[in-house]
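K.L.:
Shown below is the structure under consideration.
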Amino acid sequence: MTAPDGLRIVHAHGDRITITEPTTGVELLSYVYGPEAAWEAPKPYLHPLRTLTGNVVTDYRPNDHRWHKGLQMTASHLSGANLWGGNSYVHGQGYLELPERVGSMAHVTFDEVSADSADGTGSGRAVIAERLTWHPYDGTLWAEEERRIEVHDVDPASGSWALTWTTAVTNRRDEPLLFGSPTTAGREMAGYTGLFWRGPRAFRDGRIVGPDGEGPELMGQQAPWLAYSGEHDVTDGYATLVFAHAPENDHTGKGGAHPAHWFVRNEPFAAVAPSFAFFDELELAPGDTLTRRYRVVVADGAWEREEIAKYLAGHPW
């Protein structure tokens, strides 16, 4: 599927959708929704993500965490279930192999897979709109999700492109869903959950930049965006990923406000997550919907703070 002068989409049904930038032939991403190992909490994910020059900026099943797969929506602690993958954190006991806690996020159908060039830039926009269901280990229905991933603002002049990831999760249980993290379960400064990026091994010790600070000390802090720059293996040069969350994400619901707090590491691996349950559990009542919208900018080069701020100001929500 190709729009005139636009992005090219190839759908290998039952496995993955790839989106390619036609002038360079670079495959910007693959959205993989085919079968995965049960212990890894099967769920769709984006891998590989590539810069416009073709360099890969995600990792897949690294030997330290086999369940880390590119960019994916996760739920590390969900009413006692683990939709993150791997071992489960138990306060006072550490991480334990508890397969009876590991659940899944299952693909149901695609409502839209399309590309167009209507924005007049010559690159156009591509859309993947999907419905999923969330399940604990026994397979019962806990939640339904509507997910939309848009690829846009492909700009060879700045060497960047962007994706917007929107998720709307509706509780289908007869009791509240409690979204938490290892930190809400008792482990300090390990508040990972929600949208999660795992960087390639070469990005270890990369540079972390926020609007008002820099470095790993941004762990657990709040900011509208956070950027990570790393140096490639094999090829010369750097790449920068900018992660931003929409202003409406900082909603107030039962139990108070749940603004995003950044989970970020550059040692022993590169990882970023705008966690919505870093320090406190988020309660979703039966029938209620949790909606979150994120943007990820993938750029060639090591962008500085001023360059990032200028880009975001020129591409408002």
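K.L.:
Picking from 61, 50, 16, 8, which residue would you name as being touching an Asp or Glu at 6+ places or on another chain (Cβ under 7 Å) and not hydrophobic (A, V, I, L, M, F, W, C)?
P.N.:
Working: 61 fails: touching an Asp or Glu at 6+ places or on another chain (Cβ under 7 Å); 16 fails: touching an Asp or Glu at 6+ places or on another chain (Cβ under 7 Å); 8 fails: touching an Asp or Glu at 6+ places or on another chain (Cβ under 7 Å).
Only one candidate passes the filter, namely 50.
K.L.:
Collect the residues in the range 140-175 that are under 21 Å from residue 102 (Cα atoms), in a loop (DSSP other than H, G, I, E, B), open to solvent by 50 Å² or more (accessible area, probe 1.4 Å) and touching a residue at least 24 places away in the same chain (Cβ under 8 Å), keeping them in residue-number order.
P.N.:
Scanning the range 140-175 gives 141, 172, 174, 175.
K.L.:
Specify which of the listed residues (313, 244) is crowded, with 20+ Cβ neighbours inside 10 Å and either without any contact (Cβ under 8 Å) to a residue 12 or more places away in the chain or in a strand (DSSP E or B) (or both).
P.N.:
Values: 313 fails: crowded, with 20+ Cβ neighbours inside 10 Å.
When all the criteria are applied, what remains is 244.
Results for (1) in contact with an Asp or Glu (Cβ under 8 Å, 6 or more places away or on another chain); (2) exposed (fewer than 14 other Cβ atoms within 10 Å of the Cβ); (3) outside any helix (DSSP H, G or I); (4) at positive phi, shown as yes or no for each residue.
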| site | (1), (2), (3), (4) |
| --- | --- |
| 212 | no, yes, yes, no |
| 226 | no, no, yes, no |
| 280 | no, no, yes, no |
| 286 | yes, yes, yes, no |
| 317 | no, yes, yes, no |
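K.L.:
Does the range 299-309 contain at least one residue that is in contact with a strand residue (DSSP E or B) (Cβ under 8 Å, 6 or more places away or on another chain), closer than 20 Å to residue 72 by Cα and either crowded, with 23+ Cβ neighbours inside 10 Å or at pLDDT 95 or above (or both)?
P.N.:
Yes, that holds for at least one residue.
K.L.:
Looking at (1) of a type outside the set (S, T, N, Q); (2) part of a strand (DSSP E or B); (3) open to solvent by less than 30 Å² (accessible area, probe 1.4 Å); (4) in contact (Cβ under 8 Å) with a residue 24 or more places away in the chain, find the lone condition where residue 129 falls short.
P.N.:
(4)
K.L.:
Checking the condition at pLDDT below 95 and over 19 Å from the mean Cα position of the chain (by Cα), which residue from 253, 237 passes? Outline the logic, then answer.
P.N.:
Values: 237 fails: at pLDDT below 95.
Checking each option against the conditions leaves just 253.
K.L.:
Sort through 48, 42, 62 and tell me the only one that's in contact with a strand residue (DSSP E or B) (Cβ under 6 Å, 6 or more places away or on another chain), surrounded by 15 or more Cβ atoms within 10 Å (Cβ to Cβ), of a type outside the set (D, E, K, R) and in a loop (DSSP other than H, G, I, E, B). Give the steps one after another, and end with the answer.
P.N.:
Numbers: 48 fails: in a loop (DSSP other than H, G, I, E, B); 62 fails: in contact with a strand residue (DSSP E or B) (Cβ under 6 Å, 6 or more places away or on another chain).
The unique qualifying residue is 42.
K.L.:
Output yes when any residue across the range 116-124 is modelled with pLDDT of 95 or more and outside any loop (DSSP other than H, G, I, E, B), and no when none is.
P.N.:
First, the residues of the range 116-124 that are modelled with pLDDT of 95 or more: none.
Scanning the range 116-124 turns up no residue that is modelled with pLDDT of 95 or more and outside any loop (DSSP other than H, G, I, E, B).
The values are calculated or read from the model by the stated rules, or taken from the named source; none is laboratory data. If you're wondering where the values come from, they're calculated on a predicted model, not measured in any experiment. Here Cβ is always computed from backbone atoms with ideal geometry, including for glycine, and neighbour counts include all displayed protein chains. For accessibility, only protein heavy atoms count, side chains too; no ligands or nucleic acids. Shrake-Rupley method; radii C 1.70, N 1.55, O 1.52, S 1.80 Å.
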